[in-house]
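Values in this text are rule-based calculations from the coordinates and carry no lab data. Given the structure is predicted, the values throughout are model-derived calculations rather than measurements. Cβ sites come from the backbone with ideal geometry, for glycine too, and all protein chains shown count toward neighbours.
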Amino acid sequence: MKKLVILISGRGSNMEAIVRACASEGWPARVAAVIANRPDAAGLAFAASHGIATAVVDHRQFPDRDSFDAALAEQIDAIAPDLVVLAGFMRVLTERFVDHYAGRMLNVHPSLLPSFPGLKTHQQALDAGVRFHGASVHFVTSKLDHGPIVVQSAVPVEAGDTAQTLAARVLATEHIIYPRAVRWFVEGRLALDGSRVTLTPSEPQWLFAGHTAGEGA
Ligand code: GAR
């Protein structure tokens, strides 16, 4: 039984999707803890109500990134997880922290990487005029919002989209691809080959949510 630790900063809807999929699909894994960097992270309540241990490492209590990351790593390592899952964890992590979890830390980012790293990705996509946008699940490396891509989802950008409507369309796909990627990891099906991630046995490492509103699926 593999152990997962999920890190959140806020709402935690991706964490919730992973917790639900882990239980309903009977993964050979359990979510051992959910850790937030903010005491008011809404997702903590969901985790606690599902019997998952929760903890807060409040970044505002630390003078710098190094000391925060060291305290966070101490909490995580006490659980000895097989995989660390960043689910809307909005902190830039130090190289030392990232290296410590190399090959065993995943993140979801709301864009088709390598396009639009950083914040306000949906507005960036609208401003760039792209016709497709999406989300990426990737192994975490020390370069922010980069790293070997496990799975991506693509959605169309519709006329009249706002950052909010686009975010909602992308988020719905995050809730599908992130649990899928974590399941592949716990099933031991992912292998890293440089910047490529292979899945064995293979299946599509992408999701195309191609229907437009009003046209049906
Ligand atoms: C998600 O859209 C996730 O992709 C994004 O934050 C949101 C968290 O929502 N993450 C990033 O922007 C990381 N660079 P959630 O708390 O409901 O899962």
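Here, region 14-133 yields an orientationally averaged convex hull projection of 9.0 nm² when only Cα atoms define the hull. Beta bridges from DSSP with both residues in the chain: antiparallel share about 40 percent, rounded to the nearest 5. Taking E95, E158, E25 in turn, the Gaussian network model of the chain (Cα-Cα springs below 10 Å) assigns the largest fluctuation to E25.
Cross-link reach is defined here as a Cα-Cα straight distance under 17 Å, omitting same-chain residues fewer than 8 places apart; for K143 the aspartates and glutamates meeting it are D66, D69, E95, D99. With N the number of residues in the chain, Rg(Cα) / (2.2 N^0.38 Å) evaluates to 1.00. Report, in degrees rounded to the nearest 10, the 0 to 90 angle that the Cα long axis of helix 163-186 makes with the longest principal axis of the chain. The two axes meet at around 50 degrees. How are the alpha carbon pair distances in region 1-84 distributed across 5 Å bins from zero to the largest one, expressed in percent? Computed distribution, short to long bins: 3, 15, 26, 25, 18, 8, 3, 1, 0. Here's the list of aspartates and glutamates a cross-link from K120 could span, going by alpha-carbon distance under 19 Å and ignoring same-chain residues fewer than 8 apart: D145, E158, D161, E174. Comparing Cα centroids, region 135-156 and region 30-67 end up 23 angstrom apart.
Put a dot 7 Å past the Cα of A102, heading toward its Cβ, do the same for D82, and the two dots end up 2.2 nm apart. Projecting the Cα atoms of T94, V31, V130 onto the charge dipole of the chain (Cβ charges, centred on the Cα centre) puts V31 farthest toward the positive pole.
For the chain, the longest principal axis of the C-alpha atoms and the axis of helix 13-24 are separated by about 80°. Considering helices alone, the calculated mean residue ellipticity of the chain at 222 nm is -10500 deg cm²/dmol, with DSSP H runs of length four and up weighted by -39500 (n - 2.57) and normalised per residue. Taking amide hydrogens as placed 1.01 Å from N in the peptide plane, the amide H of A36 sits under 5 Å from those of I8, A55, V56, V57, each at least 5 positions away in sequence or on another chain. Taken along its three principal axes, the alpha carbon spread of region 112-217 comes to 42, 33, 17 Å, from the longest extent down to the shortest. Helix 65-79 and the long axis of the chain differ in direction by around 80°, with both axes built from C-alpha atoms. The simple Förster model, with R0 at 25 Å and r as the Cβ-Cβ distance, assigns I176 and D127 a FRET efficiency of 0.45. Measuring nothing but how far apart in sequence close Cα pairs (under 8 Å, 6+ apart) lie, relative to its length, the chain scores a relative contact order of 18 percent. Neighbours of G188 by Cβ distance under 13 Å: Lys/Arg scored +1, Asp/Glu scored -1, total +2. Cα-based values for region 59-130, radius of gyration first and Dmax second, are 14.8, 46 Å.
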